[in-house]
């Protein structure tokens, strides 16, 4: 098996004030993954990313990008990495296109002969072709974010690290970024996308890590992370038959049966929902609805951190 695209061991950042922003995390981002780095603002995501990229030195622990130690191997590794961190910084009086040209010219590993074509391609991919000649200071927050993405895409990258890439974007822009992330992954790039937006993570990621108060609380493949070993069944009947329905659920062995008007809930355990519906119909109980409710990613997050987070978009 190939080495992970990103790996950390005990990565820690403690500031002079004594605050521990990142507390001994062991991050593993497999090659080819779209890794969702999920957590509320202030959970340590951006500090972790800054340490991965060599922008901040860790207090303890170690990090590797593309199997090379950081920050020692930064000179050879970072040209293979595209990054968008904490809002891009560009020259305000230069156009979007000129800002990208300036960045590309500073990259000693980039081919000057292909600069113009690569810049135009990057602008097109983020939807900025029409605004390429406009000065950066005239850009909206969403346009600035798009230009930062374009800068990360000036060259093919083995690894992309995107910190809140949809910040400032409208719903259409957010959908476009999600589509772009899928495209990049399909082309062979590994993508780490940090966000506090549930929908952004849940729709595009193959792997997820959950941060809270500086700790990595969980990480796994998306399909395994929120596996529910305690699903509940919700049965809707008529109010006058709810007591009878509850008795049927009790006889089946369902636990914690509760009745609220015409709605009943109970723990399914190992019982299949088909058995529940069949037993109710066999008993002559009117069945207006039956739903199995499983733990969502949002519920898992709240269970782990005790915090809510933005689920908009």
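The values are calculated or read from the model by the stated rules, or taken from the named source; none is laboratory data. Because the structure is a prediction, the values reported are computed rather than measured. Glycine also receives a Cβ, built like all others from the backbone with ideal geometry; neighbour counts cover every protein chain displayed.
A few points about this structure:
- Test for residue 150: is it surrounded by fewer than 19 Cβ atoms within 10 Å (Cβ to Cβ) and either within 25 Å of residue 170 (Cα to Cα) or assigned by TED's automatic domain parsing to the domain that holds residue 169 (or both): no
- Candidates 240, 256, 250, 260, filtered to the one that is touching a helix residue (DSSP H, G or I) at 6+ places or on another chain (Cβ under 9 Å), more than 30 Å from residue 30 (Cβ to Cβ) and surrounded by fewer than 18 Cβ atoms within 10 Å (Cβ to Cβ): 260
- Filtering segment 37-63 to residues that are over 19 Å from the mean Cα position of the chain (by Cα) and surrounded by 20 or more Cβ atoms within 10 Å (Cβ to Cβ) leaves 58, 63.
- Tabulated pairs, segment 158-186, first within 23 Å of residue 47 (Cβ to Cβ), second at pLDDT below 90 and assigned to a strand (DSSP E or B), C-beta under 8 angstrom, 6+ apart or interchain: 164/195; 165/195; 166/195
- Of the numbered criteria (1) in contact (Cβ under 8 Å) with a residue 24 or more places away in the chain; (2) assigned to a strand (DSSP E or B); (3) under 14 Å from residue 297 (Cβ atoms), the one residue 202 fails is (2).
- Filter result for residue 132 (over 18 Å from residue 81 (Cα atoms), at pLDDT 95 or above and out of contact with any helix residue (DSSP H, G or I) (no Cβ under 9 Å at 6 or more places or on another chain)): no
- Only residues that are farther than 19 Å from residue 284 by Cα and without any contact (Cβ under 8 Å) to a residue 24 or more places away in the chain were counted in segment 227-256, giving 4.
- The single condition among (1) free of Cβ contacts under 8 Å to residues at least 60 places away in the same chain; (2) within 25 Å of residue 190 (Cβ to Cβ); (3) outside any strand (DSSP E or B) that residue 79 does not meet is (1).
- None of 24, 18, 10, 36 is at pLDDT below 95 and in a strand (DSSP E or B) except 36.
- For residue 102, the requirement of being surrounded by fewer than 21 Cβ atoms within 10 Å (Cβ to Cβ), more than 30 Å from residue 134 (Cα to Cα) and in the same structural domain as residue 136 (by TED's automatic domain parsing) is not met.
- Residues in segment 174-199 that are within 14 Å of residue 149 (Cβ to Cβ) and either part of a loop (DSSP other than H, G, I, E, B) or not assigned by TED's automatic domain parsing to the domain that holds residue 41 (or both): 189 alone.
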